[in-house]
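Just below is one structure, and these are the notes that go with it.
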Amino acid sequence: MAERLDVVLAARYPDFTRSRLKGLVDAGFVTVNGAPAQKAGMKVSPDDAIEVTIPPPVPAVPEPEAIPLAVVYEDDDLIVIDKAPGMVVHPAPGHASGTLVNALLYRCPTLGGIGGVARPGIVHRLDQDTSGLIVAAKTEAAMAGLSRAFARHAAVEKTYLAVCHGRPRLDAGRIENLIGRHPVDRKRMAIVDTNGKVAITNWRLAAFDAARGVSTIECRIETGRTHQIRVHMASLGCPVAGDRVYGRAALDRRLAPVPARQLLHAWRLALRHPVSGAPLSFEAPIPADMAAYCASL
């Protein structure tokens, strides 16, 4: 007789709360017949092979680690980093160390406690496989100013480059809709009619490589929703190359070399200094794995 996965897990792990078990499922630590469980409420049968990996606990306070960082700008109040692809921003289950936060705590010993011990100084984030510019506060005053600026969106200008499959019908456009959790696959985001948050992406075709069949698209975002650009580019019919969640693996395999990650880069960042009010603007060089597709920029 089929039962809900979370019910089966609760019987197997009586010391775990339902929320803890759901977190393991959502983070990909539970497989059913060798495939990641889609959601905690999915139905499973007695014959299904269910495997659970219990990750080591994440320290309550992240530890400083001597990890090299590409520092674009730094003063007494803030630091701007060109984050390498593959680096996780803050510790989480499965990524207890080696994160940007661990590296920042080593470089800026006074950062601990700024904005909270789990994510000190962090006011925005990039996906693990997205490269490029990210700013962190080094003082409480800077944290407050940056938090206000990012909450208003209009006070911060963030521009990304995305290498995408295909060519959009138009050369530029604006996408405005609601983004929320996918109604079936809770690990994905989706464009929804209700229960979502407004997401706005202004995009422009920067270059088209006809031989490879890929476009370089410049995306200036007015909001910072989870996976926003990846979802919006897929909605144009031009998914980000190398995107294993919203992309097209068959098209990725036609590229040489095959992208090892989603080809998305936080390229430019403009904002006012959170303490002095002075205008600041930064640009992160296009990383090597994207440069071959962006040679004309």
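The values are calculated or read from the model by the stated rules, or taken from the named source; none is laboratory data. What you are looking at is a predicted structure, and each value in this text was computed from that prediction instead of being measured. Ideal geometry is used to build each Cβ from the backbone, glycine not excepted, and the neighbour counts take in all protein chains shown.
Among the residues of the stretch 1-33, which ones are under 23 Å from H95 (Cβ atoms), free of Cβ contacts under 8 Å to residues at least 24 places away in the same chain and not aliphatic (A, V, I, L, M)?
Selection gives F16, T17, S19, R20, K22, T31.
Within the stretch 28-54, can you find the residues that are assigned to a loop (DSSP other than H, G, I, E, B) and of a type in the set (G, A, S)?
Residues satisfying the conditions are G28, G34, A37, A40, G41, S45, A49.
Only one residue in V8, V72, V25, V89 is in a strand (DSSP E or B), surrounded by 16 or more Cβ atoms within 10 Å (Cβ to Cβ) and touching an Asp or Glu at 6+ places or on another chain (Cβ under 9 Å), so which one is that?
Step by step, each of V8, V72, V25, V89 is checked, and only V72 is in a strand (DSSP E or B), surrounded by 16 or more Cβ atoms within 10 Å (Cβ to Cβ) and touching an Asp or Glu at 6+ places or on another chain (Cβ under 9 Å).
Of G237, G242, which residue is touching a Lys or Arg at 6+ places or on another chain (Cβ under 6 Å), small (G, A, S) and outside any helix (DSSP H, G or I)?
Working: G237 fails: touching a Lys or Arg at 6+ places or on another chain (Cβ under 6 Å).
Just one listed residue meets the conditions, G242.
What strands (runs of 3 or more DSSP E) lie completely within the stretch 106-183 and have 3 or more residues being over 26 Å from P287 (Cα atoms) and not assigned by TED's automatic domain parsing to the domain that holds A92?
Correct list: 172-181.
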